[in-house]
Amino acid sequence: MAVTCSCFNENIRGSRWYDEFVPHFASHAFNCCDFHNVGHQIKKINLRKDANKTDRVLIYANCTSPASDQILLAASLEEQLADAAEVYDEIFPFTLCPPALFFNIIRISHMRGEASSRLIQGDSIENIFPKALDLLTEIEAFSAQDWAQPGPYLEEWLTIASAYKHTTALYCIISLQSLGVLPVNQHFDERRAYHADLLSTHVRQAMLSRRLKRFVTISVLALGVEAAYKGEGRRKWVQDTLVELSQCLGTGAPLKVKTLLREYWDRGVYGWEEFFNQPYAFMFG
């Protein structure tokens, strides 16, 4: 799957906050990232040489596809990371995701694809576990305080960075548990719940900011997948938040997420692969 970013909300273009908060992309307004369902149409996207870096920003969306239906974006993980690093400055204003976490999301998706390929071929995935554990440890070691930009918007930088940290950790734990790379046991279940509770706190804070709320749909989705292990209180909050995001973003996509989450919760079989059993077209900001 590929993500194309389209600009909207011209009212904030040229504002003092906009010029300070997004200094590297002053010619574009904020966006909604359109996760297109192209899993059976695109096999490779070159992010380096033929992409118009200001008008056509592509980021990875393999996290919203089954592990067995990943898009081959480059010949190797190293090349994918190099491609992403080359256009990261253009991508950043459309996600506000810290680079270390952005690249770790790519690593998780690659690991999912590797594990799925081995399982399909009947090969062992046992030796992926140490790499997965190292990756999760690296994600958990990320410091929002060290990354956040000092100045009048420090608290907002801290909020969005923390939200991405715990979103990435949830993606890592739930998706790799779903494939058997990480075990389903009390230790990892507690780590999953820990990140979900903290993510909920940061998303609630972000939803109070008209600037940040448009960037948290992916975090709310991750909370929705994790809410399968929670009670109706968390599930209702996720649904209500998706309704609010639909109004904020001016798209019905969060309402589609809301419907799919309810169907997923009702099935009673939980996990990342269980929810993303096919590529979905979502709008994420």
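May I ask you to sort Tyr229, Tyr88 by Cβ crowding, counting other Cβ atoms within 10 Å and putting the fewest first?
Numbers: Tyr229 14, Tyr88 17.
Least to most surrounded, the residues fall as Tyr229, Tyr88.
Can you put Met111, Met207 in order, fewest other beta carbons within 10 Å first? Numbers along the way, then the final one.
Values: Met111 22, Met207 17.
Starting with the residue having the fewest Cβ neighbours, the order is Met207, Met111.
Under a Cβ-Cβ cut-off of 10 Å, what is the net charge of the residues other than Lys131 that fall near it, where Lys and Arg count +1 and Asp and Glu count -1? All intermediate terms of the calculation are to be shown ahead of the outcome.
On the way: positive: Arg107; negative: Glu114, Asp134.
In short, -1.
For the pair Asp146/Leu208, report the inter-label distance in nm, with labels modelled 7 Å from Cα in the Cβ direction.
Taking the simple label geometry, Asp146 and Leu208 are separated by 2.8 nm.
For the stretch 153-285, with only Lys/Arg (+1) and Asp/Glu (-1) charged at the beta-carbon, what is the dipole magnitude about the Cα centre, in debye rounded to 20?
Details: 16 positive and 13 negative charges, 71 e Å.
Here the stretch 153-285 has a charge dipole of around 340 debye.
If you take every residue apart from Ala67 with its C-beta less than 12 Å away from the C-beta of Ala67, what net charge results, scoring Lys and Arg +1 and Asp and Glu -1?
Values: positive: Arg112, Arg118; negative: Asp69, Glu114, Glu273, Glu274.
Cβ neighbours under 12 Å give a net charge of -2.
Where does each of Tyr164, Tyr270, Tyr194 land when they are ranked from fewest to most other beta-carbon atoms within 10 angstrom? Don't skip to the answer; put the middle values down first.
Numbers: Tyr164 29, Tyr270 18, Tyr194 15.
If I rank by nearby Cβ atoms, fewest first, I get Tyr194, Tyr270, Tyr164.
How charged is the neighbourhood of Ser209? Take every other residue with its Cβ under 13 Å from the Cβ of Ser209, and add Lys/Arg as +1 and Asp/Glu as -1.
Working: positive: Arg204, Arg210, Arg211, Lys213, Arg214; negative: Glu155, Glu156, Glu244.
Spelling it out: positives minus negatives among the neighbours equals +2.
Every number in this text was worked out from the coordinates using simple rules, so none of it is lab data. This is a predicted model, so every value here is computed, not measured. Every residue, glycine among them, receives a Cβ derived from its backbone with ideal geometry; neighbour counts consider all protein chains shown.
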